[in-house]
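Shown next, in structure tokens, is the structure this report addresses.
The values are calculated or read from the model by the stated rules, or taken from the named source; none is laboratory data. Keep in mind that this is a model prediction, so the values were computed, not measured. When we count neighbours, we look across all protein chains shown, and the Cβ atoms used for this are built from the backbone with ideal geometry, even at glycine. All accessible areas refer to the heavy atoms of the entire protein, side chains included, with ligands and DNA or RNA removed. Shrake-Rupley method; radii C 1.70, N 1.55, O 1.52, S 1.80 Å.
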Amino acid sequence: MNISDIIFYLISSVILGGALLAVVIRHIFRAAVFLLFSLIGIASLYFYLNYEFLAAVQVVVYVGGITVLIIFSIFLTADSGSKMRKPLLLRAMLSGGVALLSCLITVRLIAGSPPYLHHNGAIAEPGVRNIGRQLLSTTDHGYILPFELVSILLLASMIGCIVIALKPEPTTESNE
Amino acid sequence: MQMTRKPSDITTDAKSGEVLHHEGEFIINMGPQHPATHGVLHLKIWLEGETIKKIEPHLGYIHRGIEKMCERLSYRQFIFSTSRMDYLSAHINNQACALAVEKALGLEVPPRAKAIRIILAELTRIASHELWWACSGLDLGGVTPFFYAFREREAINDIMEETCGARLTQNFIVPGGVMSDLHHNFQKRVKRVLTQIKDNLHEYDEILTGNIIFQNRLKEVGYLSREDAISYGCTGPAARGSGLSCDIRKLYPYDGYEKLDFDEIIFNEGDCWARYRVRMAEILQSVHIIEQLIDSIPDGEFQAKTKNVIKLPKGQFYQRVETARGELGVFIVSDGAATPYRCKFRSPNFSNLSAIPQMAQGAKIGDLVAIMATVDLVIPDIDR
Amino acid sequence: MTKEELKYKLGEISREAAFDETGEFLNVIIPSPELLPLIKPLRLNKEFYFDYLFCITCVDWKDYLSMVYHLTSTLHRHTCVVQATITDVHCPQIESVSGIWKTAELNENEIYDLFGVTFLNHPNLRRLFLGDQWKGYPLRKDYTDEHMILL
Amino acid sequence: MEKLHLLFVFSFSWLASHLNMWLRTGIGNSFLLLVTEMLIAGISLLAFLVILCFFLGYMERKVAAFMEIRLGPNRVGPKGSLQIVADTVKLLFKEGLTPDGSDKFLFNLAPFVVVVTSMLAIAPLAFARDFQLWDVNIGIFYVTSISSMAVIGILMAGWSSSNKYSLIGAMRSGAQIVSYELSIGLSLISIVILSGSLRLSDIIQSQANGWWIFKGHIPVLISFIIFIIASTAEINRAPFDLTEAEQELTGGFHTEYAGMKFAMFLLSEYINLFIVSAIAATIFLGGWMPFHIGNLTGFNHAMDYIPSSLWFFGKTFFIIFIIMWFRWTFPRLRIDQLLNLEWKYLLPISMGNTLLVSAMAVFGWYL
């Protein structure tokens, strides 16, 4: 086992351990923190693969965005400090089964597919120019359609935010 | 706004059934150890988010029972216990007590003593306002103003130390005059301080008054209407910012204020910014008052002749003065003995405090700090 | 309004009022149940318009308590003092004036704390300075405390 | 002659390459070599950060004293320069309290999360010519992504203290950091558009013929100002220190912390201060690039003789001084004013500014 294997297994154990703890632990805030560790692990795996752009996106979107949102919503729920109830046995078994099944499918897929291609040709560097070109190109490897769809989605969510945040009309009720 | 709530949203005490708080409300205790309360004031605050729904003051952390103590002190002694009430206007508190005793006795105070009292009182007022300015800058997050104001305040305190022997709790006034004559440096040093203040006031404006963040923090915050100011018994700059004319020096002059030329500063906006400007202008008015007197302090006695043991005639006597924070009333009930039968201090801070829950209604936590800064509470005066 | 005019008008409102003019202000002495009927017109009536209650206190005269209200008007600038006599020393009670002047709310709390006068219809009567477990009312003349040093 | 030149233009790159060569000859195993190099880099970075924080702590006190017409620390060591050491010793010996009602695991974890996130962001900085720990091709994006993690440590600290003031402070910091990230991103994007690269070394190279703040005309100046304002907010320094807000929240999210755990927050505050200033210096002021004026060859040559590391640190400390100047001059904003400033002023302005900069880049309206 060489050094790169060791690093890979270390990162994987952080991802898997974090994910497992996030599911198992019954302090909801701590679960969120373990989820955070798992997501950071995934980001570091991307870094390890020298795919920095995706890694940074992972950090921005999942760590800096989604997890903060989750933590905020935990703050806003009433009993963020107390332990959650133990889940029903049936429900736990069901979800465990689903997880096991999807795990099996993934393993089967990986095992069935041909081994990774060792790409020896020049890999397009994920610089700003390349990313920008690919995002906005209409050719084979262009992402203009998803890009535009996402922008529409973002616009819709922004309008939704503004509508929610609008101050309610001053009611006729006088101040108590 | 009255919101309809489900019964399940309300948390009640298990024993008494008293409603503790509603769902979504958040109770925090500001104080008794809190940087913005300038002492051991304890405000219980009901919050919704950062918005204040209700405030309940809890007092008594520094209650020393001065009123009870005064019932056991002679009329010469009880004056000095008042220095510890509003320690920033100690001299003016003493003046109130001495005036009450003099009024009861019908004692005529020599003109020299009157002039000395007024000069020292106005110096005290300037020093107090300087400290207020320093602390209000600090409360709103600017540390630097604190040090600027202390230059002038230290100079005034040095004068106090030289003349009265104490920097803060002066105890210079006795019934019938003042305790001793002025220090020979007094006039020179006072004049130097006055020029220093006038030269440096523009720095105050540059660092704080003109600052856009500072103005936005104070404008339209902590509104107190004139009616509420009257109803809550507010006095001093806190009430004059609401357009209420309540300067005792003008309305019920004492110790010769009637002969002096000065303006009562009144602003009508009723917000923190108005209260801020009242105090800033009052510093200049106090400078103006001292300037009229400092070169023309009358010669003569500094103390009227009084008996060793002062006994007040039977009756009730009320004397009010304008301290740096408002109207201080001394109410003495005498049964003819050498000690007061009952002594009540109507403290300006107590009334001003009672208006804070009204001012802070619907404000943010940061606004509450601004409100407390501009109302300028001194906690020992509230608790007494 | 001068003292004499005030005295005349007040006499019309309350029959049981006694007057004391020895001091600086006009003192109106009434029994405690008469307080509200007298003091409400003082605040509301345009010719009195005592809108400013600048001092409330209580004096323990051993066999009775007297509540002292210092009133002034910001409009007419006249002053009068209302003294309500509470005869029941053991369980003193009087109507609260906090509905008329808001400043009374905290001041009455203070008096409740230090004199033990119960204010009826007070919105939030509580011991302001001393804790709820404090025994006795310190400003009463019969209050004794083992820690008190007698000179 | 070559050596003399090096003496004048002393640069860390010379040191680094010599060290590398020496290690290569000494250690044959490539794995061991990698580990040794990582260790050296890590330890020297840690040592640098600690010394930096000591210096910044001292500088902050002296700047504050200068603003407040007083002397500042002047007892421990010459001119009080060892004051911060004394403070550290005091903090080391202080008991690290953990409140009874707190979530102890998260309470103790939070300071480390805060420090680690701020340390991570230092990796791609170029301290001198050819002296960079990790010249990652997405440099700026990496720094912004790491800085978006900082809020989590603060939220953790505020929530786990089980103190209401801490919780309010944490909620404030969440709202504050998340909003001001947008302005920071947009103001950085304007330079990315102009230089056409996210890599920090490319951005510095693009300023060889003039710093962006001079080349980019008014739009870049606007984004520089926005960056300074927004990054002051992002690192929670006055006048945007609402998360601590001593006079309102008695210390905010770190109210309950004492001893070394509190020192960690202090450490991360200073590291963050250094990072944002270094980024501003790199992006807008040319990093280690010396100051050149057009065709004044003699002047430019003289400037080249100033070591590149001095240029970098000079610019960085200039910006640090500006941010400290803010802190000791302005009062604090209120929470709604803070959010208004971002959402109603800074964000629309920087959006419009980005458009302007894009137009500039498309039409080549810059030197």
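Sort C:Phe115, D:Phe224, D:Phe318 by accessible area with a 1.4 Å probe, largest first. Can you show the working numbers first?
Numbers: C:Phe115 5, D:Phe224 25, D:Phe318 115 Å².
Sorted descending by solvent-accessible area, the residues read D:Phe318, D:Phe224, C:Phe115.
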Exercise for review: Mind listing the long-range amide H neighbours of B:Leu47? Cut-off is under 5 Å, sequence gap 5 or more, other chains count too, H placed in the peptide plane at 1.01 Å from N.
Suggested key: B:Phe26, B:Ile27, B:Ile28, B:Lys53
Study note, to complete from the structure: Expressed as a whole number, the average count of other chain Cβ atoms within 10 Å around the Cβ atoms of B:239-248 is 1
Exercise for review: Summarise the partner chain shielding of B:322-332 as one whole number: the mean count of Cβ atoms from other chains within 10 Å of each residue's Cβ.
Suggested key: 1
Practice item. Return the Cα extents of the protein assembly as shown along principal axes one, two and three, sorted largest first, each rounded to a whole Å. Key: 111, 80, 56
Point to revise | Accessible surface, the range C:3-120, averaged per residue in Å² (probe 1.4 Å) | key: 39
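Quick one: length gained pulling B:Leu251 to B:Glu264 fully straight, 0.36 nm per residue minus the C-alpha distance?
Values: separation 13, 0.36 × 13 = 4.68 nm, distance 0.99 nm.
Contour length minus the Cα-Cα distance gives 3.7 nm.
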Exercise for review: Determine, from the Cβ-Cβ distance of D:Leu15 and D:Phe66 and an R0 of 35 Å, the FRET efficiency 1/(1 + (r/R0)^6), rounded to the nearest 0.05.
Suggested key: 0.55
Check your understanding: Per residue, how much accessible area does the range B:43-183 show when a 1.4 Å probe rolls over the protein heavy atoms, in square angstrom?
Key -> 27
Practice item. Enter the buried accessible area of the B/C pair, total of both sides, probe 1.4 Å, in Å² rounded to the nearest 100. Key: 3500
Exercise for review: Express the carbon and sulfur contribution to the solvent-accessible surface of the range B:66-381 as a percent, rounded to the nearest whole number, probe 1.4 angstrom.
Suggested key: 51
Point to revise | Accessible area per residue, Å², chain D with all protein chains present, probe 1.4 Å | key: 43
Practice item. Please report the orientation-averaged projected area of the range D:265-328, defined via the convex hull of its C-alpha atoms, in nm². Key: 5.0
Practice item. Provide C:His122, C:His90 ordered by accessible surface of protein heavy atoms (probe 1.4 Å), highest first. Key: C:His90, C:His122
Study note, to complete from the structure: In this structure, the FRET efficiency calculated for A:Leu49 and B:Leu284 from their beta-carbon separation, with R0 = 51 Å, to the nearest 0.05, is 0.10
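Relative contact order for the range C:3-120 using alpha-carbon pairs under 8 Å, separation at least 6, rounded to a whole percent?
On the way: 207 pairs, mean separation 25.1, N = 118.
Relative contact order comes out at 21 percent.
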Revision key, fill the gap. So the angle from the long Cα axis of helix B:348-359 to the longest Cα principal axis of chain B, reported in degrees to the nearest 10, equals 20
Check your understanding: What spacing in nm lies between the two simple spin-label points modelled at B:Glu203 and B:Asp158, each 7 Å away from Cα in the Cβ direction?
Key -> 1.4
Check your understanding: What's the carbon and sulfur percent of chain C's accessible surface, probe 1.4 angstrom, rounded to a whole number?
Key -> 52
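Counting only protein heavy atoms and rolling a 1.4 Å probe, how much accessible area do D and B lose on contact, total for both sides, in Å² to 100? Could you put the intermediate results ahead of the total?
Values: alone 18280 and 16400 Å², together 32180 Å².
Counting protein atoms only, the buried area is about 2500 Å².
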Review point. So what does D:Ile279 come to for accessible area, using a 1.4 Å probe and Å² rounded to 10?
Key: 10
Point to revise | Rough spin-label spacing in nm, given labels placed 7 Å along Cα→Cβ, for A:Ile66 and B:Asp295 | key: 8.0
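Decide, for the range B:66-136, between rounded, prolate and oblate: order the square roots of the alpha carbon gyration tensor eigenvalues as a ≥ b ≥ c, take rounded if a/c falls under 1.5, and otherwise choose prolate if a/b is larger than b/c, else oblate.
Values: a/c = 3.62, a/b = 1.30, b/c = 2.78.
Oblate, since a/c reaches 1.5 and b/c is not below a/b.
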**Study point:** Where A meets D: accessible area buried, both sides, 1.4 Å probe, Å²
**Key:** 2600
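What FRET efficiency comes out for the pair D:Tyr345/B:His183, r = Cβ-Cβ distance, R0 = 60 Å, nearest 0.05? Intermediate values should be presented prior to the final figure.
Working: r = 56 Å, r/R0 = 0.93.
Once the sixth-power term is evaluated, E becomes 0.60.
Rounded, prolate or oblate: pick one for the range B:66-381, where a ≥ b ≥ c are the square roots of the eigenvalues of its C-alpha gyration tensor, a/c under 1.5 means rounded, and failing that, prolate if a/b is larger than b/c, else oblate.
On the way: a/c = 2.05, a/b = 1.36, b/c = 1.51.
It comes out oblate by the Cα gyration axes.
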Check your understanding: What ranking of B:Met280, B:Met160, D:Met351 comes out by heavy-atom accessible area, probe 1.4 Å, highest first?
Key -> D:Met351, B:Met280, B:Met160
Study note, to complete from the structure: chain B: relative contact order from alpha carbon pairs under 8 Å, six or more residues apart, as a whole percent, is 25
Review point. Which of rounded, prolate, oblate describes chain D, given a ≥ b ≥ c as roots of the alpha-carbon gyration tensor eigenvalues and a/c under 1.5 marking rounded, otherwise prolate only if a/b is larger than b/c?
Key: oblate
Check your understanding: With each pseudo-label sitting 7 Å past Cα toward Cβ, what's the A:Arg85-B:Phe26 distance in nm, one decimal?
Key -> 2.7
Study note, to complete from the structure: Expected field for C:Arg127, accessible surface area in Å² at 1.4 Å probe radius, rounded to 10, holds 30
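Arrange the peptides D:30-42, D:241-253 so that the one whose residues have, on average, the most other Cβ atoms within 10 Å appears first. It would help to have the intermediate numbers written out before the result.
Numbers: D:30-42: 12.5, D:241-253: 25.3.
Highest to lowest by the protection proxy: D:241-253, D:30-42.
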Review point. Which entries of B:Lys311/C:Lys135; B:Lys103/B:Lys250; B:Lys103/C:Lys62 show an alpha-carbon separation above 23 angstrom in the structure shown?
Key: B:Lys311/C:Lys135; B:Lys103/C:Lys62
Check your understanding: Shielding of A:55-62 by partners, i.e. mean partner chain Cβ atoms within 10 Å per residue?
Key -> 5
**Study point:** Accessible-area composition of the range D:66-140, carbon plus sulfur, in percent [1.4 Å probe]
**Key:** 66
Check your understanding: Leaving out ligands, DNA and RNA but keeping every protein chain, what accessible area does C:Cys91 have, in Å² rounded to the nearest 10, with a 1.4 Å probe?
Key -> 70
Check your understanding: Using Cα atoms only, what is the angle between the long axis of helix C:104-115 and the major principal axis of chain C, expressed in degrees (0 to 90) to the nearest 10?
Key -> 40
